[in-house]
Amino acid sequence: MKDLLLLIISVSIGAVGQVAFKYGAMQMVENPGNTLLEKIKWPIVLGLFLYGISTILWIIALKRVELSYAYPMVSLAYIFIFIASYFLFNEPISWLRIGGAVLILAGIVLVAKS
């Protein structure tokens, strides 16, 4: 159970990093800078930091569980991003996307039960 929790935390932190990247990318378009350093906004730096933490946790998890068990858990990021995109960025959700998310969740449950 601790291993599964570690995987979920790792994936969740990576998903938050993706949200930070999106937010930073939106700021880059709205407020373009003159130099590369001026274009890089704090959410992008935060996203990179979160990816680093996520990677460290992922490596620790991989020491404990089989890769064939761990890697499908990365699909949870799709679900987290799906939900965050709707609430934070007002992205549309179609029935096809909902169906895809349900299938992803079903696959994750099957792998977790194995």
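The values are calculated or read from the model by the stated rules, or taken from the named source; none is laboratory data. Because the structure is a prediction, the values reported are computed rather than measured. When we count neighbours, we look across all protein chains shown, and the Cβ atoms used for this are built from the backbone with ideal geometry, even at glycine.
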Members of the stretch 58-78 found to be surrounded by fewer than 19 Cβ atoms within 10 Å (Cβ to Cβ) and either touching a residue at least 40 places away in the same chain (Cβ under 8 Å) or in contact with a Pro (Cβ under 9 Å, 6 or more places away or on another chain) (or both), listed by number: ILE60, ARG64, VAL65, TYR69, VAL74
What are the residues in the stretch 83-114 that are under 13 Å from the mean Cα position of the chain (by Cα) and crowded, with 16+ Cβ neighbours inside 10 Å, if any? ALA84, SER85
Matching helices (runs of 4 or more DSSP H) fully within the stretch 21-93 where at least 2 residues are modelled with pLDDT of 90 or more: 42-64, 67-70, 76-89
Being of a type in the set (A, V, I, L, M), free of Cβ contacts under 8 Å to residues at least 60 places away in the same chain and in a loop (DSSP other than H, G, I, E, B): is that true of ILE98 here? no
Within the stretch 69-82, considering residues that are farther than 10 Å from VAL19 by Cβ and hydrophobic (A, V, I, L, M, F, W, C), the one nearest to the chain's Cα centre (by Cα): ALA77
